[in-house]
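Read through the structure below, which is laid out as structure tokens, and then see the notes.
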Amino acid sequence: MAARALLLALGPAAGLGLGRFAYALVLPLMQAVWGLSYAEAGFLGSANTLGYFLGALSSPLVLGRVGYRLGFYGALLLQGPVLALTGTGYLPALLLRFVQGVLGAWIFVGGAALLMALGRSGRALGAYYGGVGLGLLLGPWLLLAVQDPAVAWARLGLGAGALGLFALPALPLLQEPPPPVRGKGDLGPVRALLWAYGLYGAGYIGYMTFVTTAVGDWALLFGLLGVGALFTGLFWGPWVERVGGRRGLVHVLFLLFLGSLPPLALHLLPLSAFLFGLSFLGVITAITQAFRAVLPPPAWPRAMGLSTAAFALGQALGPGLSGLAAEAVGSGVGALWASAGLLLLALGVAWLSRP
């Protein structure tokens, strides 16, 4: 049983850890070699976020029609070629970053729905989401000594392709989630959680985007975020099982808020990055457990799709809000305070939604 969760976790490792987040590692090479402006770099990021948002919204329909197993593995195995071709030029990269976002959302939602269909515990869900940490750790190693963006994207594509192949043994051991049933898809009981999740997306991405402008050590940050994320299942899985998804969400958001505070990021970056890495995927573990507790099984895939869409929308808005705060203060520290404020709002909404 645990083996299936670990094999499925290679999906988030490829689709998010390498496919989404490693873009930040390749971006300086693309700017240096391709001469990208900040605006062009921003359009690449926006294309990926838009793709992720649309992929999350469409996931119940697309994955429900083609099958969650086929959709998950099809999107996962396409990660390799999509990433490898991203280094062929700016215009292809713009299209392929959008495609990667769509595929990444289908992987993330599809794998979670497959795991929930098995009736897996919070520990297994935490291990699945913690797979992102593996991708965060692999990214810098795959890009060691690379000076050409085409080579960088080829290496990331090779890494993502390998992870997809390693995940294949779990395919015959999985079962499809139950189909939707009329009258059993109401998400009213978790509406407040969806708001909290969207605010979390805005706050979390603000920290990830601007913390390096304040502290300047991206390699250290990436490594510690990855190490912390790998412990998500071990730390938050048992705790969420014990206290429940709603209370667990409050607890994990509180620790995430503490890790995001600028005084900690500025003066104790290793502790800030580790706490943030440990907690930012714990939020997803807790909210998934909450869905399982209060919604009937036929509603789980739709809840996962809409929550991922709310998260993606928050990700789209968060950098802009944090950037405005940085402009107002005149440094990246303002962005970190804005990020912490958004996470505090998410914490407040989650607190008020407790039973």
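The values are calculated or read from the model by the stated rules, or taken from the named source; none is laboratory data. Owing to the predicted nature of the structure, the values given are computational and were not obtained by experimental measurement. Using ideal geometry, Cβ is built from the backbone for each residue, glycine included, and neighbour counts are taken over all protein chains shown.
Observations, loosely collected:
- The helices (runs of 4 or more DSSP H) located wholly in the stretch 241-355 that include 2 or more residues which are within 30 Å of P179 (Cβ to Cβ) occupy 245-260, 282-294, 300-329.
- Filtering the stretch 341-355 to residues that are surrounded by fewer than 24 Cβ atoms within 10 Å (Cβ to Cβ) and modelled with pLDDT of 85 or more leaves G341, L344, L345, L347, G348, V349, W351, L352.
- Here G104 passes the criteria (1) touching a Leu at 6+ places or on another chain (Cβ under 7 Å); (2) surrounded by 23 or more Cβ atoms within 10 Å (Cβ to Cβ); (3) over 24 Å from R302 (Cα atoms) except the one numbered (3).
- Restricting the first member to the stretch 112-130 and to residues that are at pLDDT 80 or above, and the second to residues that are not in a helix (DSSP H, G or I), the beta-carbon pairs closer than 6 Å and six or more apart or on different chains are A113/P177; L114/L174; A117/Q175; A117/P177; A127/A9; Y128/A9; Y129/L281; G130/L281.
Condition check ((1) over 30 Å from R246 (Cβ atoms); (2) in contact with a Lys or Arg (Cβ under 8 Å, 6 or more places away or on another chain); (3) of a type in the set (V, I, T); (4) buried (at least 23 other Cβ atoms within 10 Å of the Cβ)) across all residues:
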| residue | (1), (2), (3), (4) |
| --- | --- |
| G87 | yes, no, no, yes |
| V109 | no, no, yes, yes |
| L114 | no, yes, no, yes |
| L142 | yes, yes, no, no |
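- Taken over the stretch 290-333, the criterion of being free of Cβ contacts under 8 Å to residues at least 40 places away in the same chain and of a type in the set (D, E, K, R) is satisfied by E327 alone.
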